[in-house]
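Data block below; observations after.
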Amino acid sequence: MPRTLDDARRWSRIGTELLVKAAQFDEAGYAAPSLLPGWSRAHLAAHVAANAEALANLVHWAATGEPTPMYASPEERLAGIERGRALPAAELTDWLRESAAALERGTAALGEERWRTPVVTAQGRTVPAAEVPWLRSREVCVHAVDLANGVTFADLPSDFLTALCEDVVAKRSAVPGPALSLRAPGAAWELPGTGEPVLVEGELADLAAYLTGRGDGPGAPAPTLGTWL
C-alpha cells in the first residue's frame, strides 16, 4: 500500500520522540561511538539537527515560492556538523529538540496546495514538498537506532519498516550489487543484481536493519551490504 503524507508525518513524530528520548547524553555519552563508522553520537545528533533546519528550508520554499536550498554547499553542510558536535551536551540536545519542533511547526502550517510545490533536495532531486516528511521520517527513525542507546528497528512502526524496505530496495536496485530474495511475514521483495538470488528471510525489523547496512541478515549468512542513509 503506498505511503501517504499523513503516514510520513506520523512516522516523523514517532521517530523524533524516540530520537530525542535516546539522546539524553552527557559529554561522555555524546563522545561515545554511534553505529555509523567514524561518527560519534555527537556527530550524529548534529547531523540530524542540521537536517531539520535544512528540510525547514524546503518547507519555506514551498510556503513562499522563494527557492531556498537545503544547504549553502556540501562544505557548509559538513562544517555545520563539526560545529554542532563540539557543542556542550545540553546545547546539542536542545538544538536537536528545537530544530525538530521548528520543522514540525513549519510543516503543520503548509496548506494543501503548497505540498505540491516542487523543491530540490541536497542530492539534486526535484520532488514535491510532500516528500519532506518522508525524508525526515527516515532520518529520525533510522538514526534513533544509530545512537546505540536502546532503540532498535523493532521499536519502529511496522508500516514505516515496510515503506523503508521498499525505498531501500528501489534505490539499491539502481546500483550494482548481489541479487537477493527478501522474505518477511506478509512481505517480499526481489533485489536484482549479480549471481543467483540469495534468499534472506526474517522478521521485518531484521530485514530493514539488513537492507540499511545495519545487520548481517537474519538466518543464513547473507551478502554484506554497505550502510544506507
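Nothing in this text is a laboratory measurement; each read-out follows from the coordinates by a stated rule. What you see is a predicted model, and the numbers here were worked out from it, not measured in a lab. Glycine gets a Cβ as well: all are built from the backbone with ideal geometry, and neighbour counts include every protein chain shown.
A few comments on the model shown:
- Its DSSP H runs of at least 4 residues, each contributing -39,500 (n - 2.57), put the calculated 222 nm mean residue ellipticity of the chain at -16500 deg cm²/dmol, to the nearest 500.
- Result for the chain in a Gaussian network model with C-alpha springs under 10 Å: among Arg114, Arg83, Arg41, the largest mean-square fluctuation is at Arg83.
- Net charge dipole size for the range 5-151 [Lys, Arg +1 and Asp, Glu -1 on Cβ; Debye, nearest 20]: 260 debye
- Note that the range 65-178 carries a Kirkwood radius of 16.7 Å, evaluated over its alpha carbons pair by pair.
- Kirkwood estimate for the range 24-113, i.e. one over the average of 1/r between Cα atoms, Å: 13.9 Å
- Residue with peak Gaussian network fluctuation, the chain [Cα springs, cutoff 10 Å], from Thr152, Thr64, Thr93: Thr64
- Against the chain, whose longest principal axis is taken from its Cα atoms, helix 41-64 shows a tilt of about 70°.
- Cα gyration tensor shape of the chain, rounded if a/c is under 1.5, else prolate or oblate by comparing a/b with b/c: oblate
- Rounded, prolate or oblate (a/c below 1.5 giving rounded, otherwise prolate when a/b exceeds b/c) for the range 158-211 by Cα gyration tensor: oblate
- Pairwise centroid distance, computed over Cα atoms, of the range 49-79 with the range 4-25, Å: 20 Å
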